[in-house]
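Student: Just passing along the structure, written as structure tokens.
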Amino acid sequence: IMGLGFEGLSLGNAETVFKNAMDQGMVKEGKFAFALGDNKEGELTFGGVDKSKFKGEITWVKLEKPTYWQISLDDVTAGSYSSGKTNGIVDSGTSLITGPSAEIKKIAGAVGAQANLLGQYTIDCSLVPSLPNLDFTINGKAWTVPGKDLVIQSGGTCLFAMMGMDIPTGPKWILGDVFMRKFYTVFDYENEQVGFAEPTY
């Protein structure tokens with residue numbers, strides 16, 4: 001595990017690996033970017049972006065604070081569910097999308113997902129085509145995860161790719177790999193912002 005957050009999360013405010021690389025001039029720019037493959041190879045670029053991996057412009061979002069990669073969310077919606085204004089972090093180290101347990105329970109109930117003993121949800125695979133999209137509205141723009149991509153199918157079981165997680169003093173939502181697979185995602189350490197773009201892969 002190599003943490004790619006800011007010094008505020010480091011034990012004793014120790015300098016992070018990426019900040020150290022920046023200070024030594026080992027990277028061209030203070031950015032790193034993910035092109036997460038969906039059942040194919042992905043790519044992590046240090047020191048800039050890979051322009052072959054996205055098209056159009058990168059939409060930049062300023063961080064709420066430079067600890068986690070935490071941003072303001074105007075809304076999180078799925079079908080009739082709406083969170084209202086909240087916040088979340090973009091995190092490649094989290095496989096699923098997580099949110100407050102009570103909110104995930106509402107979404108799961110609305111789509112017919114059932115909780116298991118591990119705190120995860122499963123759903124009847126026949127319901128997958130009818131799942132609503134999940135929209136994260138950020139700075140007035142909706143970033144959509146299609147309903148069919150909110151399910152991980154394995155061995156005849158359909159796992160709902162959202163899980164409840166309550167962080168008392170931390171972010172409310174975690175936009176993990178399920179979200180990041182849909183967008184080319186850039187972390188700009190120098191300017192304390194995160195960017196999203198339409199992928200070409």
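The values are calculated or read from the model by the stated rules, or taken from the named source; none is laboratory data. What you see is a predicted model; the values in this text were computed from it and never measured. Just the protein is used for accessible areas: all its heavy atoms, side chains included, with ligands, DNA and RNA removed. Shrake-Rupley method; radii C 1.70, N 1.55, O 1.52, S 1.80 Å.
Student: I want the antiparallel fraction of DSSP beta bridges within the chain, as a percent rounded to 5.
Tutor: About 90 percent, rounded to the nearest 5.
Student: With all protein chains present, how much of the accessible area of segment 144-201 (probe radius 1.4 Å) comes from carbon and sulfur, to the nearest whole percent?
Tutor: Exposed carbon and sulfur together represent 47 percent of the surface.
Student: So, one more: Enter the accessible area per residue of segment 47-199 (Å², integer; probe 1.4 Å; all protein chains in place).
Tutor: Per-residue value: 46 Å².
Student: Also, quick follow-up: Strictly over 23 Å apart at the Cα level, which of 65/106; 19/85; 40/106; 55/172; 106/148 would you flag in this model?
Tutor: Values: 65/106 29 Å; 19/85 31 Å; 40/106 32 Å; 55/172 30 Å; 106/148 18 Å.
Too far apart for the 23 Å limit: 65/106; 19/85; 40/106; 55/172.
Student: Oh, and also: What do you get for the angle between helix 101-111 and the principal long axis of the chain? Use alpha-carbon atoms, 0 to 90 degrees, nearest ten.
Tutor: The two axes meet at around 50 degrees.
Student: Share of segment 1-74's accessible area from carbon and sulfur, percent, 1.4 Å?
Tutor: 50
Student: Now for a different question. In terms of Cα to Cα distance under 14 Å, which aspartates and glutamates are near enough to residue 28, apart from those fewer than 8 places away along the same chain?
Tutor: Partners within reach: 50, 188, 190.
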